[in-house]
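A.B. asks: First the structure, which I've put down as C-alpha cells, then a few questions once you've had a look.
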Amino acid sequence: MSESIEVKVMDNEGDLDVVENENREETKSDKDGEQEQLEQINLFIDELNVRFQQKREERSMHDPKNFDYPDESFFVKLDSSIKKNSAFVKKLKNMTETQRDNIMKDLATLNLSRYVSEIATALVETKIKLTEITMCVKICSFLHLRYQDFSAQLLDSWIKNLPRKATDQFNASKMRIDIRLFTELILTRIFTTKDALPLLGNLLTILTNSDKESHNNLAIILGFCRQYANEFAGLIPRKMKLLAEKFNLTVPICDFLTVERQRGVRNLLKDYYQSLITHVTRDHKRLQSMEAEMERILMTRGEVPKHQKELFESRNIEFQKLWSSTQQFADMIDEDLPELKTRTSKDFDALDSSKGDGVMFDLNNRFRGDSSSANVSHTQLWEDEETRTFYENLPDLKSIIPAILYKDSLKDVPTPETTDSSTNVDHTNGDNETRDTKETDDSNKVTKEINDEILDKQEEIAIDDFVDTGKDVANLNENDELEIALYSIQKTESKKRPQIQDDENKGDQQSTNKVSNNEQQTNQQSQKSNTTSTKGQLDIFFASLLNCVNRDFIDKAALTFATTYNTKNNRKKLVNALFTVPRTRLDLLPFYGRFVAQLNPIMPSVGTDLVAILKHNFRYLFKKKDQINLESKVKNIRFIGELVKFGIFPKPDVLYILKTLLSDFRYHYVEMTCNLFETCGQYLYRSPDSYFMTNHLLDQMMRHKNRMALDSRYAIMIENAYYVVNPPEDKLLSRNIPTKPPMHLFIEDLIYKELTKSTTSKVLMKLRKLNWKDPEISSYVVKCLSSVWNLKYTNILYLAHLLFGLYSYHEWVIPRVLDTVLEDIRLGLQINSIEFNQRRIAVIKFFAECFNYRLIDLSLLFRVLYMLITYGINYSDITLSPLDPPANLMRLRLAAQILHTCGNFLNNGLSRKKLGYYLFFFQRYYWLKKSYLMSMPLDQTDKNAQFYIDVIFKDVINYLKPKFKIADSYEKACKQLEDRVKSVAEKAKEIMPNSNISVEHVLNPNHHHHQSNMTERKVSTSLDPIAEEDSLEDECVTEMEINGGNDESMSDNESNEDEEIDSDRDGMNGMEYDGETNDRHASDSDNDMPVEQPMKTPTIIQCAEDDEFQRDFEKMIRDSFTSRTQEVVRPNVEIVIPIERDDRKKSQFKNVNRNGRADGNLPFSFSLKNQIEEEQQSNTVKFRIMARNAKSNKPQLKSIEVSPESELVQKFLAREEAHRAEKEAVKRLILDINQRRELEDNSCGSPIRSNDSSNSRSATGQQQSNNSGYYYRSGASTSYNNNNVVNYQNFKRRNN
C-alpha cells in the first residue's frame, strides 16, 4: 500500500514539472512570436519606403522637362541596317530574361527611328512572364528617353489590345501580366496620368462589373491589389495594419494619386468583394446540401454513387480555391470575411426530416428510444450495462501519458487513401468482382506479399520456425496459411538485412580507407546489439498479448506499448501481430479491438493500417471463391465486426461488405454473413444512422433463405443470426402484448389473401354471413376495406367489385369506406412522404375503380383530379410550394393513374367535355414541373427525370385524346388555358348575370389564399355528404357544360377525335364482356344523360310589387276558372271514314318478283314508292279530302291534286320522314337493350341454348344490312321488346 502511495506522489511531482516546463515553453514562444511580428512590420514599412522613393526617381527621370531627346546627328552614328533592325524586332517578340543583356546592347547600337511603331506593337503583344516585367519596363524606359514618339506609339498599341467593352474577349493569363506592366508604365511616368489613368480605370471597371457572378477575373484583381493597392486605392493589408497599431508604427501612404481618385478605385474593389461574398456563400450552401445528400444516401443505401462522390470532390476543390482567394482579397482591401455556417449535430439528426421527397420515418425501430432522453445510446444501443462499459468506457491515454511520448505518432497522419472510406471499400461490378484500392505503402507491401506467398507458393514454409517464436502450437493448424506466410515474410526480411549491410560494407571497403570502415563496423555492431535487445522485448510483449483475456490485462498492455514501444517500426509490427492472431482464438478479438481503440487517439496509424489490411484480406478471400480456410474467413469477418463496435471500422464499409456477401449468398459466404451479423449486426441495427440499411440487408438475407434450397445447418444459422440482430419483441418488451381476435384475423385473410378474380363471389358470401350488428366486427370490416395498400396491386379491382356487391346488403358501408379513402388522399397530399408513395398509388387506383363501379359520381372524381394539381401549389412561384416540391412527380403519377383507370368511361357524354377542359389544367401542371427541371443544372437533377415526366404525360394524352395539341412551353400552356377559361366565364355570365367569376383566381387559386368548404352532392349510392375543398375550376367546367354542345371554342380536332372514339366504342359494343366488369358503366346512354349540377340561384327580395303581382295573378286564375265553367260541353261525334277501293293496289298484288314467284306480301313502302313516282311524273301530289254530303249528310272522299312545291306537301313529307326516323331509333334502342340483357345473362352463367343465342356482332351486321326491318328473337325476348316499346312511348309522352 505504501509503495503505491509513493508511486502516486512521484507521479504528481512529475506532472507538476511537466506543467511548469510547458508554461516556460509557451512564454518563450510568445516572446519569439512578437519579435518575428515586429521584424515583419518593419520590413514591410522599409519595402514601401524604398519602392515609393524608387518610383519617384523614375518619374522624375522620365519627365520630359528633366531630359532632352538626342538630335539627328546622334542617330546617324548608329547602325540603321534593315537586316539587324528586323532581327531585333523579332527578338523582342520572343524575348526572355536570358536575352536581357543582348537586347540592351542592341538598343544602344541600333537606330530604330523607323521601327518605333513595330517595337511598340511587339512589346504589347509579346507574352512575358511575371519575372520579366522589370526587363520590359527597362526596355520601354530606354526607348522613351531616346525616341520622342515612342510613348505615343506604345499607348496606341495598348489602346488597341486592351478590352474597351464588357463583351470584348481577352486572354486571362496574359491580362494578369499586362495589367501589371501597364501599371508600372504609369507609375514610372512613361505614360502620362492624363492619358493612361482613364484607360486603366476603364479596364478595372470592365474586369469587376462584368464578372460579379462567376468571378473568373479574381486572380487578375488579386495580382493588381497585391502590388498596387497602396498606390491606387490607399489600402493597407489588414494584417500589417493590425501589427502597425500593435507596435505604434505608421505605415506610409503613396501620394501618386489624389484621395478622391483613390476613393473611386477603393469603392470599385469593395463592390467586387461584396459580390464575391455572395458567390462564396452560395457555393458553400450548395456544397453543404450535397454533403447532406451524400450522408443521407450513405445511411439509407450504404454506399455513395461514384459520379456523385467525384462531383462533390471537384466542387469542394473549386470552393477551397475560391475561399483561399477570398481570404487573400479580404486581407488586401481590409474587409471582414463572411461567416460560413458549419453543420452541427442537429443538422445531422435532422437529415431524416429535411429532404422533402426524401423523408425517412424511423417508425419501426423499437430500439430508437426517446431522443430527449440522455440514456438513448446506453440503454438502447447495448444489451446490458456491462457490454456498454466494455465498448465505451476506455482509458484516456492522452491524460495519462506525457505528450512528448506520442508527439511523433500524432504526426504520422494516415494518407487520404486510407482515411477515405469511400476509397477503401471497392464497389463491385455486375459480376460481383471487387477492385483493389490504394492503401498506404506499408499495408500494400505486407498484404501483397501475403497474397503472393499463398497464391504462388514458391517457397516452403517451415512450421518449426513459426513455433520458435513462442506461439501456442496447439492453436495452429496446417492450413493456417496467412499467419505462417506473414511470419515467413518477416523472418525472410530479418535475414536479408544483415546480408545487405555486409554487401554494402564490402563495396565500401574497396572505395574507402580502413579507418572509416572500422568506425562503420563499430557503429553497426552497437546498433545491432540495441536492436536485438529491443526486438527481444517486443517479441515477448507480442507473445503476452495472447494471454490478455480480460479487460485489465489488455488495458495494461495498451499503456505499456504507448510508454515503451511507441516507434514507427514497432507500430507496423504491432499491426502485423494483431492481424496474425491465431484463427482459433476468436475470444481474443474483442480485447484486441479494445486495445486498438485505446491506442487510436494517440496512434491513429495503427487503427488505419489494421483496417486497411482487413479490407484487403476480405477482398482476397472473396475473390478467391474457394471452399477451404473457413476458420480464417470467420476470423477476418469477426475481427471486422469487433472493430465496428469500437468505432474503428467505418459503418458504411461494413454495410457494403454485407451487401457484397449477400450478392453471392452460398457456401462459405453464408457463414461469413451470419458471423458478421452475430458480431456487429445488433449494434448496426440499433444505431439510427445504419438502421435502415441493416434492416434491408436482414430482409434480403431472409428472402435468400426462403428462395434457395439451403442445407438445414445453413438455415438454422441464418435464423439464429436474424434473431440475434432482431429478437422477437416479447423478449425485450412486455409480454402482455394484445393479439388480434380470431374474427379479425379471419376478416384479414378473406380480404387480403383469398380475394381474387375467381373468389370474389365466395368472399362476398362469407362477408355477408358475418355479424354486421356487432359494431366491432363491422368497424373492422370497414377498416380492412379501406386499407387497400395491404392488397396486391392486381387485386384492387376485385376489392372495388366486392364493395359494389356489399352495397345491395349494407348500404352504409360505402360512405364510410369512401370517406376514409378521401381522407387518406388528402393526408398524402399534406405529408408528401416518399415512404407512402406506393400506398398513395394504391389508394388512388381503388378510388378510380370505385368510380368505374358507379360508387362515386363524376363531380367528386373531377374534384379529386383538380385537387391533385392545385392543392398547395403556387403556380406563380413553384419553389414556394412546400406540399409539392418542384422536382417531385408523384402528383403527376397519381392524376395519370386516375385517367388511365377511368379513361374508357370519361370519353362520352358530359364527362367527355369535362375531361377536355381538365386536360388543359393537367397540361399546365405538366409544363410547370418540366420547365423547372429544364431550368436546373444537369448535375443537380436526375438524368431520367425529364424522360419520365414526358412519358407520363404523353401516355395519358395518347390514351385519352390522341389528337390533342400539346403546347410547346409553359407560357403557351397557360395561354391556352386562359383563353378557355375566359370564354367559359363570358358564357357563364350570360346564363347567370349575378355570378362573379374571377379568371385570375381560377388560374391560380392558391396565390390568393382562398379556401372554402364544398359540399358534395350525394352520389347515386346514397353517399353521405363529404366535405371537400371547393375547386373553382370544377365550378367553371360545370358552367361550361350548361351551354350544352354548342360551345364554339371546342376545336375541330377535338370533334374529329370524339367521332373516332365513338366509332371505336361502337366497335367495342360487340365484344364479349368480362366477368369482372359486368357492373361497370357499360351503357353509353347512361353517361349521355346530363348530371344535375348545383347552380347559384338569384336571391329573392320581397317588395310591394311582388304583392301586387300576386293579387293580379290570383284574380286571373279565378276569372279563368269562372269562364271555364260556363262553356257548353259538346258531345264527341264519331266520324266514319268512308271505304274506297283502290284499283292500283289490286294490280300491285299481282306483280311477279324477279324469280318468277308471286309475292302477295309486298311492303307498303313499295306501293307508296310507285305512287310517288306516278305523282312525280304528273308533277302533282294527290290528296283525299273528307267532306260531308249536303243531301245524305254522309262523309265522302274527294281527290285533289296539289303542287309538290306547296307548303302543305313539304310539311307532310317532313312529318312522315320524322316519324320514320323515330321508328328506326326505337328499333335500335330495343335491340341494344336486348343485346345487353343477353350479355348480362351470359356473364352471370345462365344456360342459354345454342340455337336461341346469336352473336351480337352478327346480329348488328344483319340489322345494318337489312333495309326492310330487324330480326327479333322469339319467345321471352319478343315480349321484353314489346314492353320496352311501351316504356319508351310512355317516356316520350311524359317528356312531351
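The values are calculated or read from the model by the stated rules, or taken from the named source; none is laboratory data. No experiment lies behind these values; they were computed from the predicted model shown. Cβ atoms come from the backbone with ideal geometry, glycine included; neighbour counts cover every protein chain shown. Ligands, DNA and RNA are excluded from the accessible area calculation, which covers all protein heavy atoms including side chains. Shrake-Rupley method; radii C 1.70, N 1.55, O 1.52, S 1.80 Å.
A.B. asks: Scan the stretch 1224-1242 residue by residue and report those that are surrounded by fewer than 15 Cβ atoms within 10 Å (Cβ to Cβ) and free of Cβ contacts under 8 Å to residues at least 40 places away in the same chain.
C.D. replies: Glu1224, Ala1225, Arg1228, Asp1241
A.B. asks: Considering each residue of the stretch 945-992, count those that are closer than 19 Å to Asn907 by Cα, of a type in the set (Phe, Trp, Tyr) and open to solvent by 60 Å² or more (accessible area, probe 1.4 Å), and give that number.
C.D. replies: Final tally of qualifying residues: 1.
A.B. asks: Take the conditions touching a Pro at 6+ places or on another chain (Cβ under 8 Å), in a helix (DSSP H, G or I) and in contact (Cβ under 8 Å) with a residue 60 or more places away in the chain and apply them to Leu899. Does it pass? Please lay out each step first, then the result.
C.D. replies: Values: touching a Pro at 6+ places or on another chain (Cβ under 8 Å): no; in a helix (DSSP H, G or I): yes; in contact (Cβ under 8 Å) with a residue 60 or more places away in the chain: yes.
So Leu899 fails the test.
A.B. asks: If you don't mind, there's one more thing I want to ask. For the stretch 123-155, which residues satisfy the criterion of being assigned to a helix (DSSP H, G or I) and basic (Lys, Arg)? Full working, then the answer.
C.D. replies: If we filter the stretch 123-155 for residues that are assigned to a helix (DSSP H, G or I), which is where we start, we get 123-125, 130-146, 150-155.
Scanning the stretch 123-155 gives Lys138, Arg146.
A.B. asks: Sort through Lys105, Lys127, Lys138, Lys90 and tell me the only one that's touching a residue at least 40 places away in the same chain (Cβ under 8 Å) and either open to solvent by 90 Å² or more (accessible area, probe 1.4 Å) or over 30 Å from Pro163 (Cα atoms) (or both).
C.D. replies: Numbers: Lys105 fails: touching a residue at least 40 places away in the same chain (Cβ under 8 Å); Lys138 fails: touching a residue at least 40 places away in the same chain (Cβ under 8 Å); Lys90 fails: touching a residue at least 40 places away in the same chain (Cβ under 8 Å).
From the options Lys105, Lys127, Lys138, Lys90, the qualifying one is Lys127.
A.B. asks: Then there is this: Would you list the helices (runs of 4 or more DSSP H) that sit entirely within the stretch 757-844 and hold 2 or more residues that are among the basic types (Lys, Arg)?
C.D. replies: Details: elements: 760-768, 775-786, 796-807, 813-831.
Helices (runs of 4 or more DSSP H) meeting the threshold: 760-768, 813-831.
A.B. asks: Which of the residues that make up the stretch 836-894 are acidic (Asp, Glu), without any contact (Cβ under 8 Å) to a residue 24 or more places away in the chain and surrounded by 18 or more Cβ atoms within 10 Å (Cβ to Cβ)? Full working, then the answer.
C.D. replies: The first filter runs over the stretch 836-894 and keeps only residues acidic (Asp, Glu), leaving 849, 857, 877, 884.
Restricting the remaining residues to those that are without any contact (Cβ under 8 Å) to a residue 24 or more places away in the chain gives 877.
None; the set is empty.
A.B. asks: So Ser690 fits all but one of (1) open to solvent by 30 Å² or more (accessible area, probe 1.4 Å); (2) in contact with a Leu (Cβ under 6 Å, 6 or more places away or on another chain); what number is the exception?
C.D. replies: So Ser690 meets the others, but not (1).
A.B. asks: Next question, about the same structure. Which condition number does Leu827 fail, the rest of (1) buried (at least 16 other Cβ atoms within 10 Å of the Cβ); (2) of a type in the set (A, V, I, L, M); (3) out of contact with any helix residue (DSSP H, G or I) (no Cβ under 8 Å at 6 or more places or on another chain) being met?
C.D. replies: (1)
A.B. asks: Here is a further query. When you go through Thr183, Thr192, Thr167, Thr205 one by one, which is the residue that is at pLDDT below 90 and polar (S, T, N, Q)? Walk me through how you get there before you give the answer.
C.D. replies: Details: Thr183 fails: at pLDDT below 90; Thr192 fails: at pLDDT below 90; Thr205 fails: at pLDDT below 90.
Just a single option satisfies the conditions, and that option is Thr167.
A.B. asks: For Ser81, are the conditions met, namely being more than 21 Å from Leu181 (Cβ to Cβ) and among the small types (Gly, Ala, Ser)? Spell out the reasoning first.
C.D. replies: Numbers: more than 21 Å from Leu181 (Cβ to Cβ): yes; among the small types (Gly, Ala, Ser): yes.
Judged against the criteria, Ser81 is a match.
A.B. asks: Among the candidates Thr205, Thr193, Thr188, single out the residue that is of a type in the set (S, T, N, Q) and open to solvent by less than 10 Å² (accessible area, probe 1.4 Å). Give the derivation first.
C.D. replies: Numbers: Thr205 fails: open to solvent by less than 10 Å² (accessible area, probe 1.4 Å); Thr193 fails: open to solvent by less than 10 Å² (accessible area, probe 1.4 Å).
It is Thr188.
A.B. asks: Restricting to helices (runs of 4 or more DSSP H) lying wholly in the stretch 181-292: which have 1 or more residues that are within 24 Å of Ile317 (Cβ to Cβ)? Lay out the reasoning, then the answer.
C.D. replies: Values: elements: 193-209, 218-233, 238-246.
Counting at least 1 such residues, we get 218-233.
A.B. asks: State whether one or more residues within the stretch 748-757 are more than 30 Å from Leu806 (Cβ to Cβ), surrounded by 14 or more Cβ atoms within 10 Å (Cβ to Cβ) and in contact with a helix residue (DSSP H, G or I) (Cβ under 9 Å, 6 or more places away or on another chain).
C.D. replies: First pass over the stretch 748-757, keeping only residues more than 30 Å from Leu806 (Cβ to Cβ): none.
No, the stretch 748-757 contains no residue that is more than 30 Å from Leu806 (Cβ to Cβ), surrounded by 14 or more Cβ atoms within 10 Å (Cβ to Cβ) and in contact with a helix residue (DSSP H, G or I) (Cβ under 9 Å, 6 or more places away or on another chain).
A.B. asks: If you check Lys270 against the conditions, is it more than 27 Å from Asn837 (Cα to Cα), modelled with pLDDT under 85 and open to solvent by 40 Å² or more (accessible area, probe 1.4 Å)? Let's see the steps before the verdict.
C.D. replies: On the way: more than 27 Å from Asn837 (Cα to Cα): yes; modelled with pLDDT under 85: no; open to solvent by 40 Å² or more (accessible area, probe 1.4 Å): yes.
Taking the combined requirement at face value, the residue does not satisfy it.
A.B. asks: Does Ser833 satisfy the criteria of being closer than 29 Å to Glu971 by Cα, polar (S, T, N, Q) and either in contact (Cβ under 8 Å) with a residue 40 or more places away in the chain or out of contact with any strand residue (DSSP E or B) (no Cβ under 7 Å at 6 or more places or on another chain) (or both)? If you could, list the steps in order and put the result at the bottom.
C.D. replies: On the way: closer than 29 Å to Glu971 by Cα: no; polar (S, T, N, Q): yes; either in contact (Cβ under 8 Å) with a residue 40 or more places away in the chain or out of contact with any strand residue (DSSP E or B) (no Cβ under 7 Å at 6 or more places or on another chain) (or both): yes.
No.
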